[in-house]
Protein chains: 4
Amino acid sequence: MTDVSTGVWLIGARGSVATTVIAGAAAIRTGLAAPTGCVTEQPDFAGAGLPGLGELVFGGHDVAETCLPKRAEQLARSGVLPDRLPELVHDDLVTADAEIRPGIGGPGSGSQVEQVAADLAAFRERRALDRVVMINVASTEPPAAPHPAHGSLAALDAALEAGESVLPPSSLYAYAALSAGCAYVDFTPSTGARLPAIDELARERSVPYAGSDGKTGETLVRSVLAPMFARRGLRVRSWSGTNLLGGGDGATLDDPAAAASKSASKQRVLGETLGYPVEGEVHIDYVGDLGDWKTAWDHILFDGFLGVRMAMQFTWQGCDSALAAPLVLDLARLMARAHETGRSGPVAELAFFFKDPVGTMVHDLAAQYETLRAWAGTP
Amino acid sequence: MTDVSTGVWLIGARGSVATTVIAGAAAIRTGLAAPTGCVTEQPDFAGAGLPGLGELVFGGHDVAETCLPKRAEQLARSGVLPDRLPELVHDDLVTADAEIRPGIGGPGSGSQVEQVAADLAAFRERRALDRVVMINVASTEPPAAPHPAHGSLAALDAALEAGESVLPPSSLYAYAALSAGCAYVDFTPSTGARLPAIDELARERSVPYAGSDGKTGETLVRSVLAPMFARRGLRVRSWSGTNLLGGGDGATLDDPAAAASKSASKQRVLGETLGYPVEGEVHIDYVGDLGDWKTAWDHILFDGFLGVRMAMQFTWQGCDSALAAPLVLDLARLMARAHETGRSGPVAELAFFFKDPVGTMVHDLAAQYETLRAWAGTP
Amino acid sequence: MTDVSTGVWLIGARGSVATTVIAGAAAIRTGLAAPTGCVTEQPDFAGAGLPGLGELVFGGHDVAETCLPKRAEQLARSGVLPDRLPELVHDDLVTADAEIRPGIGGPGSGSQVEQVAADLAAFRERRALDRVVMINVASTEPPAAPHPAHGSLAALDAALEAGESVLPPSSLYAYAALSAGCAYVDFTPSTGARLPAIDELARERSVPYAGSDGKTGETLVRSVLAPMFARRGLRVRSWSGTNLLGGGDGATLDDPAAAASKSASKQRVLGETLGYPVEGEVHIDYVGDLGDWKTAWDHILFDGFLGVRMAMQFTWQGCDSALAAPLVLDLARLMARAHETGRSGPVAELAFFFKDPVGTMVHDLAAQYETLRAWAGTP
Amino acid sequence: MTDVSTGVWLIGARGSVATTVIAGAAAIRTGLAAPTGCVTEQPDFAGAGLPGLGELVFGGHDVAETCLPKRAEQLARSGVLPDRLPELVHDDLVTADAEIRPGIGGPGSGSQVEQVAADLAAFRERRALDRVVMINVASTEPPAAPHPAHGSLAALDAALEAGESVLPPSSLYAYAALSAGCAYVDFTPSTGARLPAIDELARERSVPYAGSDGKTGETLVRSVLAPMFARRGLRVRSWSGTNLLGGGDGATLDDPAAAASKSASKQRVLGETLGYPVEGEVHIDYVGDLGDWKTAWDHILFDGFLGVRMAMQFTWQGCDSALAAPLVLDLARLMARAHETGRSGPVAELAFFFKDPVGTMVHDLAAQYETLRAWAGTP
């Protein structure tokens, strides 16, 4: 795949995750950093025909105006990027920043879809790209209100033509990407492509999509611990979690509606893995001083033999942008390859990367990995 | 397998684990308790031809003289058994206690092997058993000093005939079991069957053996977390652990030599799973007041993308006897079936149950489960 | 004080705390248990003229009908009381249960005040008591709606005579106790005596009162850690807490209004101790399977020299009834003595025992202890 | 005290702690940073006649040759100092580095004492200082072997004159400081001034000394939690600790002899505070990748009312240099003032700062603070 070039179009292209993705890809390409945290750099994926990490070309949309070099400096000050990296990859940041277009603010209309699709087409042409993958790494949206126009592509197209605002921004971006023949990935819990109408569009245009909600921290751990309890026949009585996080996502999730969407997604994985509903709540608290860092505490009460009560607790102290960025690179590579090989509609084989995977209810990380490896790994 | 009867011969038959095994099997048979924590009671093993939990017949060796009903009362007082269970299964405890013979104290000789083998044969005949599985749940031994007689069956037999004390008790029991045509399982980190001479004996007699060191707590969690870090390409920098435990095992492990054996076994799983050596120590502290309970704390320092340093910690508060007992029942059933189907020598497919499995270096719990299910699960 | 007898009248007299108080006092009196957790049994209070632990006479109100011996058996099964204690102190439990009267359910009226006061008077007379201390250990009430009648005793009396329901149950009990010449203690965060009208009544009748909200777990730890950070000049950036609890209190606090009252009380201690407001939330989650046990997790983010960011976390795994009961005994003794020595109105010197102490804003446990010792300790 | 100038002579003057002290004092003086973590900057010490933080003049001994500006850059890279601070206080670092003399490596002799005393005298004269405080912030020494010459000043002088090597380096420095009329503080657990002979010297020369072992992290927390358990009458059954640390001190303490010294000092505080011996071990593990950061985990098992078993755990994640540096500044100011006001011999009033305070067995942080405030605080 050496003579193929791949574009990565990021929604939220000047956010922490996107900045880390772009700076990190440059650092790896130039040998300044190892690809730590990149799944597709493991031996299981060598020779699997994926586009090279160093060949990815970046662009995107954002409503923010702080340029990438400046954002990178901010991230270096808070320890997300190595001290001198922003300076060392300055040119790459400037190049990517020049490919960023103004984002969509509120609920979208048909003309906005056309504008986004035009931006994508221009990017593909200008940079001579074989294909482009759009990845949503913007802030989490509140759950979208249901609307009859979501039910079929015909109804949706009619509503958009009539100038109705029936789609949240994430879905508008998904529509635009798919209609422009670009794969779409939702790394957030937002609605994105998860509407019957948009699924229909993806199949009609023979373009793949994937999502949603990148599995970066607490849920990652849950996706190996819950199967452990299940395989050992240990009965989980309650599973409670508290997440403390700062940064943009923390502020967004402090909004109860957005938090509810994220929290329900987190708790669902447990019931689906264990096979029975589990007592317990998940809290998401905004703690501004934590910046890009997150601390999660989980408490699990379980029964052993003869009903003896036991407990496990864990804390996870991670940097969300640094956990998300390599997965975004993985998804860009894997979706480009999926598109190239003719895949269309939801790609359930990428469940390994998501809290709330489309097309499957398997949440066991080990099983998800086997599925991924069998599908996309070294033949 | 309804008309087949299986004996379970426990070394350390009056210890906490054995007492919990015997009381628990009776509780499950009479419907007083669900088989929580029993792997072989999961749907994957229904109809796999295993002997019924309620059909197991118990006996064993022990140097202790406190009878099972009294031990069960002690365990109920410390919360390991439900309050009134000892009373409700009193008859089963008395029946099993009548099958307990005096154990071997120090290093063993040939005549002791013959005595143990004779005890096993008498048990099998008296209770009309089709086969017997010996399971070692005695206290951990210090590592055995190497001896030339361990290298081959001929050399070992010669040494035993000469009256030399060349085997630690666990190996003497293993020798006796195999020579009497009984399967042998080592649930402790003791030497047991892990000597070339004894392996030779198992193959010669066409009897299976398995072990060693039941994976009940901290290492169980490590066996799912380490693969998680590996699959995500996250680089573990250090992994430290402290175990606080009371009870007999705690007192034994406070002995540096025995602790060293257990600690090395715990740390090895990490290096073999991750593929690189990992900094960090494991401490085992005796805290008498914890009784049968154990608290473990693990601290994991790891690198994410671009070398960003992150940390995960967990604590595990479990009751070792309650975690071990259902696995002992699982192993009895699985080894009886393995023996019945003609299996001989080390059974690597049982790695799922052990910290230090014979015949394999796979420590990934999910992979171990797949191997187990494929081998012994529902066809 | 040997020839003086003291009554303890418990609101919620058949709840977990009250049952533990009564069973525990009997156990200590008969030498079955040491007074672990009793502050007034420390050397600092020997010879301070307090009534003996073994001389306390118990009675109370409750809406529940399960008798004390039965409640004690339930508590023994869940590990709050030692296994055989209910049987050993059976007579004491029966005696106390005979002194329990039906409690007040909803908002109270004047006639209910009279009934409660009559119950108290009858108890004092029947048992020939020199004085009686009423202690509220019932479930937490939601915050009471403000009412003009709360502002002065005259207004309150007028409203009660007019048959208006202006007082929550806890305040009605406080009114009855004080008007009957009995000291009143609120061990819950309910309104109790904390209304100007009731404070006026206490002063008029020369009776002392104290409260509120017994400091048993997480807040106890906060009351030593917050002063530690203050004395060292370390700047706390955020302090977050999650409490998991079962039992009756857990169910009550799952009600958002009641939780809000408790949560605000918990966070206030920090700001008042540190001298600046602190970011962070406190969650109280009901986890039924925890029963009488509580697990709290606190996460503290703080700045050291030159703004270096550090963190402390703690978990507290306690049994609330076992933590509260000895403090209830302490408060009964100390308030009886305060009453005897002529103390009237709020007793700020008892702040050591409370999350939200009346009459003071000092939350530093060490300072509170010094105040207590200077006031009530050995001369 | 405006016209008085004070020198601070640091043993280990190019180590992490010393570099942080010197850079931090400059940052505070120039308004670049607030004095977070400085006890003597709290209102209780305003107007207490202490020398100003900005007026301290630094020098010292070290065997290391990496200059202070370079060490400061290393510390900034590992997050101990703010990113650009080394550059901003470069001149101060250069000035202090010029006052650093080669340190003593092995066991010392009489001529070394003279050399160190001469260095001190030259520093005082060259910088026109009214007085100098020597503070030992070098790596922890192994416990010194007892020697008859330690028993009296006469015996010690005779041994030194005879050229015998009877003093560990820390004691040699203490001897030199006191004989040169400089106050001495030991911030490490090394022997320092804690020998009868050196105590005699301090009293003879009318110079104060203080120590030992700065209370920066785990023990700081223990010194508030242990009194909490004591005051509440809760019986501690076991208290276990594990410390993971990198940096120079971590490597030193990985040596069993040095660790034993530190570990015993940590556990002693518990017994002396609680009034009874407490089961439990303290581990100190070297984890190189933690750098200057330390993670401690403590597990406390305790009994509540009627013997109910409960547990508390805490983790402390701190940067040792950032915790130690402001205390070193505090001690310099307080000892200069003590010397000025004629204090001689051990200063027990400084126990607040130390794990193993000279002259007292009070380990309760709140009591220590009251003592400190009463002695040195605002009149």
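The values are calculated or read from the model by the stated rules, or taken from the named source; none is laboratory data. This is a predicted model, so every value here is computed, not measured. Methodologically, a virtual Cβ is constructed for each residue, glycine included, from the backbone with ideal geometry; neighbour enumeration extends over all protein chains shown. Accessible surface areas use protein heavy atoms only, side chains included; no ligands, DNA or RNA. Shrake-Rupley method; radii C 1.70, N 1.55, O 1.52, S 1.80 Å.
Residues are listed down the side, and each one gets a yes or a no for (1) within 13 Å of chain D (Cβ to nearest Cβ); (2) at pLDDT 90 or above; (3) in a loop (DSSP other than H, G, I, E, B); (4) more than 20 Å from the chain's Cα centre (by Cα):
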{"site": "B:Trp239", "(1), (2), (3), (4)": "yes, yes, no, yes"}
{"site": "B:Asn243", "(1), (2), (3), (4)": "yes, yes, no, no"}
{"site": "B:Gly248", "(1), (2), (3), (4)": "no, no, no, no"}
{"site": "B:Ala258", "(1), (2), (3), (4)": "no, no, no, no"}
{"site": "B:Lys262", "(1), (2), (3), (4)": "no, no, no, no"}
{"site": "B:Gln267", "(1), (2), (3), (4)": "yes, no, no, no"}
{"site": "B:Glu272", "(1), (2), (3), (4)": "no, no, no, yes"}
{"site": "B:His299", "(1), (2), (3), (4)": "yes, yes, no, yes"}
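Residues that are of a type in the set (A, V, I, L, M, F, W, C) and within 26 Å of D:Cys182 (Cβ to Cβ) do not occur anywhere in region D:29-36.
Can you pull out every residue in region D:311-340 that is without any contact (Cβ under 8 Å) to a residue 40 or more places away in the chain and either farther than 18 Å from C:Cys319 by Cβ or in contact with an Asp or Glu (Cβ under 9 Å, 6 or more places away or on another chain) (or both)?
So in region D:311-340, the residues without any contact (Cβ under 8 Å) to a residue 40 or more places away in the chain come out as D:311, D:313, D:315, D:317.
Correct list: D:Gln313, D:Thr315, D:Gln317.
Check whether at least one residue in region C:8-21 is more than 12 Å from chain D (Cβ to nearest Cβ), under 19 Å from the mean Cα position of the chain (by Cα), over 21 Å from C:Leu323 (Cα atoms) and open to solvent by less than 10 Å² (accessible area, probe 1.4 Å), and report yes or no. No.
Being more than 20 Å from the chain's Cα centre (by Cα), on the phi < 0 side of the Ramachandran plot and more than 10 Å from chain D (Cβ to nearest Cβ) narrows it down to one of C:Glu340, C:Glu349, so name that one. Talk me through it step by step, then tell me what you get.
Working: C:Glu349 fails: more than 20 Å from the chain's Cα centre (by Cα).
Among C:Glu340, C:Glu349, only C:Glu340 is more than 20 Å from the chain's Cα centre (by Cα), on the phi < 0 side of the Ramachandran plot and more than 10 Å from chain D (Cβ to nearest Cβ).
Can you confirm whether C:Ala374 is within 14 Å of chain D (Cβ to nearest Cβ), buried (at least 23 other Cβ atoms within 10 Å of the Cβ), of a type in the set (A, V, I, L, M, F, W, C) and free of Cβ contacts under 8 Å to residues at least 60 places away in the same chain?
Here the answer is no, as C:Ala374 does not meet what is asked.
Could you please find all residues in region B:96-107 being in contact with a strand residue (DSSP E or B) (Cβ under 8 Å, 6 or more places away or on another chain), open to solvent by less than 70 Å² (accessible area, probe 1.4 Å) and under 17 Å from B:Thr66 (Cβ atoms)? Let's see the steps before the verdict.
First, the residues of region B:96-107 that are in contact with a strand residue (DSSP E or B) (Cβ under 8 Å, 6 or more places away or on another chain): B:96, B:99-104, B:107.
The next check asks that each one be open to solvent by less than 70 Å² (accessible area, probe 1.4 Å); those that pass are B:96, B:99-101, B:103-104.
The answer is B:Ala96, B:Glu99, B:Ile100, B:Arg101, B:Gly103.
Quick check on region A:333-353: of everything there that is part of a loop (DSSP other than H, G, I, E, B) and of a type outside the set (A, V, I, L, M), which residue is surrounded by the most Cβ atoms within 10 Å (Cβ to Cβ)? Spell out the reasoning first.
Let us first name the residues in region A:333-353 that are part of a loop (DSSP other than H, G, I, E, B), namely A:341-344, A:347.
With of a type outside the set (A, V, I, L, M) added as a condition, the list becomes A:341-344.
Values: A:Thr341: 10, A:Gly342: 8, A:Arg343: 19, A:Ser344: 16.
Of everything passing the filter in region A:333-353, A:Arg343 is surrounded by the most Cβ atoms within 10 Å (Cβ to Cβ).
Out of the residues in region B:57-95 that are assigned to a loop (DSSP other than H, G, I, E, B) and away from chain A (no Cβ under 14 Å), which is most open to solvent (accessible area, probe 1.4 Å)?
Looking at residues that are assigned to a loop (DSSP other than H, G, I, E, B) and away from chain A (no Cβ under 14 Å), I get B:Glu65.
Looking at this structure, is D:Ala25 within 14 Å of the chain's Cα centre (by Cα), within 23 Å of D:Val137 (Cα to Cα) and open to solvent by less than 10 Å² (accessible area, probe 1.4 Å)? When the stated conditions are applied, D:Ala25 does not pass them. How many residues, within region A:33-51, are more than 9 Å from chain B (Cβ to nearest Cβ) and either open to solvent by less than 20 Å² (accessible area, probe 1.4 Å) or closer than 23 Å to A:Cys319 by Cα (or both)? Counting residues in region A:33-51 that are more than 9 Å from chain B (Cβ to nearest Cβ) and either open to solvent by less than 20 Å² (accessible area, probe 1.4 Å) or closer than 23 Å to A:Cys319 by Cα (or both) gives 3. Selection of region D:287-297 for residues being touching a Ser or Thr at 6+ places or on another chain (Cβ under 7 Å) and more than 7 Å from chain B (Cβ to nearest Cβ) yields D:Gly291, D:Asp292, D:Ala296.
Conditions (1) of a type in the set (Lys, Arg); (2) touching a strand residue (DSSP E or B) at 6+ places or on another chain (Cβ under 6 Å); (3) more than 23 Å from A:Pro208 (Cα to Cα), marked per residue:
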{"site": "A:Phe123", "(1), (2), (3)": "no, yes, no"}
{"site": "A:Leu129", "(1), (2), (3)": "no, yes, no"}
{"site": "A:Val133", "(1), (2), (3)": "no, yes, no"}
{"site": "A:Ala144", "(1), (2), (3)": "no, no, no"}
{"site": "A:His147", "(1), (2), (3)": "no, no, yes"}
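Scan region D:118-127 residue by residue and report those that are open to solvent by less than 60 Å² (accessible area, probe 1.4 Å) and touching a Gly at 6+ places or on another chain (Cβ under 9 Å). Steps first, answer last, please.
Narrowing region D:118-127 to residues open to solvent by less than 60 Å² (accessible area, probe 1.4 Å): D:118-123.
Across region D:118-127, the qualifying residues are D:Asp119, D:Leu120, D:Ala121, D:Phe123.
Contact map, region D:155-184: residues that are over 18 Å from D:Arg205 (Cα atoms) and free of Cβ contacts under 8 Å to residues at least 40 places away in the same chain paired with residues that are in a helix (DSSP H, G or I) and open to solvent by less than 10 Å² (accessible area, probe 1.4 Å), Cβ distance under 6 Å, separation 6+ or inter-chain. Pairs shown: D:Ala159/D:Ala149.
Quick one: in region D:312-322, of everything that is open to solvent by less than 10 Å² (accessible area, probe 1.4 Å) and in a helix (DSSP H, G or I), which residue is farthest from the other protein chains (Cβ to nearest Cβ)? Here the answer is D:Ser321. When region A:156-167 is limited to residues that are closer than 24 Å to A:Trp9 by Cα and touching a Gly at 6+ places or on another chain (Cβ under 8 Å), the one that is modelled with the lowest pLDDT turns out to be A:Ser165. Exactly one of these conditions fails for C:Ala144: (1) under 30 Å from C:Asp330 (Cα atoms); (2) touching a Gly at 6+ places or on another chain (Cβ under 9 Å); (3) open to solvent by less than 50 Å² (accessible area, probe 1.4 Å). Give me its number. Failing condition for C:Ala144: (2). Listed conditions (1) in a strand (DSSP E or B); (2) within 14 Å of chain B (Cβ to nearest Cβ); (3) not polar (S, T, N, Q) are all met by A:His283, apart from (2). For region D:175-194, indicate whether the set of residues that are modelled with pLDDT of 95 or more and touching a Cys at 6+ places or on another chain (Cβ under 8 Å) is non-empty. No, there is no match, as no residue in region D:175-194 is modelled with pLDDT of 95 or more and touching a Cys at 6+ places or on another chain (Cβ under 8 Å). In region B:28-37, is there at least one residue being touching a residue at least 60 places away in the same chain (Cβ under 8 Å) and in contact with a Lys or Arg (Cβ under 8 Å, 6 or more places away or on another chain)? The answer is yes, given that some residue of region B:28-37 is touching a residue at least 60 places away in the same chain (Cβ under 8 Å) and in contact with a Lys or Arg (Cβ under 8 Å, 6 or more places away or on another chain). The condition of being at pLDDT below 95, open to solvent by less than 20 Å² (accessible area, probe 1.4 Å) and closer than 25 Å to D:Leu50 by Cβ holds for D:Asp213.
Out of B:Ser171, B:Ser190, one residue alone is open to solvent by less than 40 Å² (accessible area, probe 1.4 Å), closer than 29 Å to B:Ser16 by Cβ and part of a helix (DSSP H, G or I). It is B:Ser171.
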